[in-house]
Structure formats: structure tokens, C-alpha cells
Amino acid sequence: MKYDLKFYEKAADYIRSKTDLVPELGIILGTALGAYADLLEDAVSIDFSEIPNFPKATVSGHAGKLIIGRLGGKTVACMNGRVHRYEGYSYEKLATPVRVLKLLGIKKLIVTNAAGAINLDYHVGDIMIIKDHIKLFGDSPLRGRNTEELGPRYPDVSNMYPKDLRDLAKVLGSKHGLSMQEGVYFFFPGPQFETPAEIRVARILGGDAAGMSTAPEALTAAHCGIPVLGLSVMVNMAAGILEQPITLEEMDDVTSMLKKPFLDFMAELTEKI
Ligand code: HPA
């Protein structure tokens with residue numbers, strides 16, 4: 001597979017053939033956070049499976065649709081659902097959606113996810129604004145021949161999650177009654193949840209929340225010069241903290257409980273970012 005500009009342009013051309021809207025903001029919605037997509041007006045919805053060269057979403061809770069529409073005076077391209085390494089995709093393939101969004105015109109990216117709290121001061125239901133991430137495992141989405149038109153071979157990633165975006169999220173989240181934290185996202189490749197020992201290590205290394213997504217997307221965005229706002233919803237305490245297993249039902253309960261304030265927050269964020 002040749003991941004060159006043409007490869008990404010083919011997907012972007014297909015999307016452009018479906019709408020005249022030119023998105024300025026990209027949003028990737030994490031597990032069970034898809035309701036935001038319904039807020040978009042004048043929206044066009046395109047299945048990932050229709051888009052040439054796009055990966056297909058295989059996980060339940062991820063609709064696998066790209067929705068382009070308007071909200072709060074902005075034109076938004078929203079991925080309702082995402083793809084993960086553990087679905088069997090190469091890291092190179094994981095870079096495709098963000099690169100296609102870049103070609104469509106986005107200038108900023110909001111990435112949401114469900115994550116497990118490693119930090120013992122966090123609570124289920126808190127929203128962690130990602131200050132930085134740790135990804136020690138596996139390859140980079142930027143591996144392989146560099147697509148020079150998109151960014152440099154050795155990108156600087158010391159400011160992937162800029163402070164002005166984090167500060168805005170902090171103010172708006174609190175305004176909407178959400179309990180906001182700021183911390184470090186520790187990437188694990190999954191699909192199994194972590195062992196208690198892995199979580200203890202992650203805590204020692206400086207991780208505040210554990211998750212299986214977001215870091216590859218943020219690296220891809222950083223490579224092509226797109227600032228990222230990362231938001232992690234704490235849907236469980238990470239492995240070994242409580243004496244109970246981690247379940248998907250528990251995650252759904254948390255995201256449905258937060259739905260209204262989270263959507264109001266996301267709507268205002270869309271307008272102000
Ligand atoms: N670990 C990794 N990913 C997750 C978790 C977790 O505890 N909860 C939700 N996604």
C-alpha cells in the first residue's frame with residue numbers, strides 16, 4: 001500500500017463530491033459519545049465504508065460515519081466513531097482519517113475518548129483535558145515513507161495540546177457543571193484492559209488516565225500542523241483500583257449520565273474554539 005498524498009486525496013475528493021461545505025474544525029467522537037453528531041445542521045452523513053481508502057469502523061459504540069455540518073457558526077467535520085490499532089489496522093492506516101480531514105481544510109481538532117482513571121484523585125464522570133500523552137508501545141502512525149507535502153520527517157511534538165485550547169475547555173467545562181481535570185493520557189494498545197500491575201507502572205511514569213485511542217490521531221495531527229484538544233471522559237477507575245471488573249455497561253452508564261452537560265459543553269466549545 002502506498003500512503004502518498006494521492007492516497008489521501010482520493011478519499012478527500014470523494015467527500016468533496018458529497019458536500020460543498022468546507023470544514024474548519026475536526027471532531028473525533030469516542031465510545032458512546034456520538035450524540036454530538038446529531039447537533040450538526042445542514043449535515044451530510046457519509047459511511048466510512050463508502051469513502052475510498054478510509055478504514056472501516058468495526059467496534060460497537062462507534063457508528064462509523066463522517067458527518068459534515070454546521071454548528072455555532074462553524075463548519076465541522078465530525079467522525080462519529082473512530083478506528084483503533086486493536087481492530088487490526090496498521091498504524092499507517094490509522095493516520096488516514098486525520099490526514100483526510102486536513103486535506104478537507106480543518107485547522108483544529110477536538111478528540112474525545114472514554115478512558116480509565118489512573119490518578120487516585122480522579123472520579124468516574126470527571127473530564128480530563130489532555131495536557132500531554134505517553135505512548136511507549138508499538139509503532140508510530142508516522143512510520144513509513146514520509147508524506148512531505150503534509151509535514152516533516154521528524155516533527156516536534158512538544159506542544160501537541162496547546163494551552164490556549166486547554167484553558168478554554170477548562171472554563172467552558174466548569175461553566176456547564178462538568179468536573180474538569182487536566183492530566184497525561186497513557187496510551188495502551190488494547191483491546192484487553194490493562195493489568196493492575198500495568199496501571200501501577202503507568203501511574204509511576206506519570207499517567208493520569210489510560211486509553212486505547214487518541215495518541216495516534218494526535219501525533220498525525222501534530223505532524224501536519226493541526227493543534228489538538230483532547231478530552232477524556234473517566235468512565236471507570238483503571239484496573240486494580242477498585243475490587244470490581246471493568247465493564248462496558250459501566251461506561252455506557254457514565255456517558256448517558258453526562259450526556260446533556262457534555263453536549264452543551266461541546267456545542268459551546270465548537271462555537272468558541
Ligand atoms: N483502560 C483503557 N481504555 C479504557 C479504559 C481503561 O480502563 N476505560 C475506557 N477505555
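The values are calculated or read from the model by the stated rules, or taken from the named source; none is laboratory data. The structure presented is a predicted model; accordingly, all values stated were derived computationally and were not measured. Glycine also receives a Cβ, built like all others from the backbone with ideal geometry; neighbour counts cover every protein chain displayed. Keep in mind that these areas ignore ligands, DNA and RNA; they rest on the heavy atoms of the full protein, side chains included. Shrake-Rupley method; radii C 1.70, N 1.55, O 1.52, S 1.80 Å.
Summary table below
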{"item": "Filter result (touching an Asp or Glu at 6+ places or on another chain (Cβ under 8 Å) and open to solvent by 60 Å² or more (accessible area, probe 1.4 Å)) within segment 158-188", "result": "K170, K175"}
{"item": "Extreme residue, farthest from the ligand (Cβ to nearest atom), among residues of segment 221-273 that are of a type in the set (K, R) and at pLDDT below 95", "result": "K260"}
{"item": "Some residue of segment 149-165 being out of contact with any Lys or Arg (no Cβ under 6 Å at 6 or more places or on another chain) and farther than 30 Å from Y8 by Cβ", "result": "no"}
{"item": "Odd one out for Y154 among (1) more than 16 Å from the ligand (Cβ to nearest atom); (2) among the aromatic types (F, W, Y); (3) modelled with pLDDT under 95", "result": "(3)"}
{"item": "The listed residue being closer than 26 Å to K259 by Cα, within 16 Å of the ligand (Cβ to nearest atom) and touching a helix residue (DSSP H, G or I) at 6+ places or on another chain (Cβ under 7 Å), out of L29, L39, L66", "result": "L29"}
{"item": "Residue list for segment 14-26, restricted to those being free of Cβ contacts under 8 Å to residues at least 60 places away in the same chain and either within 16 Å of the ligand (Cβ to nearest atom) or open to solvent by 40 Å² or more (accessible area, probe 1.4 Å) (or both)", "result": "Y14, S17, K18, D20"}
{"item": "Candidate set: segment 127-150, residues that are out of contact with any Leu (no Cβ under 8 Å at 6 or more places or on another chain) and farther than 17 Å from F187 by Cα; chosen: the one most open to solvent (accessible area, probe 1.4 Å)", "result": "R145"}
{"item": "Any chance T112 is within 19 Å of F265 (Cβ to Cβ) and polar (S, T, N, Q)", "result": "yes"}
{"item": "Residues satisfying the stated conditions in segment 109-138, i.e. within 14 Å of the ligand (Cβ to nearest atom), part of a loop (DSSP other than H, G, I, E, B) and farther than 18 Å from I241 by Cα", "result": "K135, F137"}
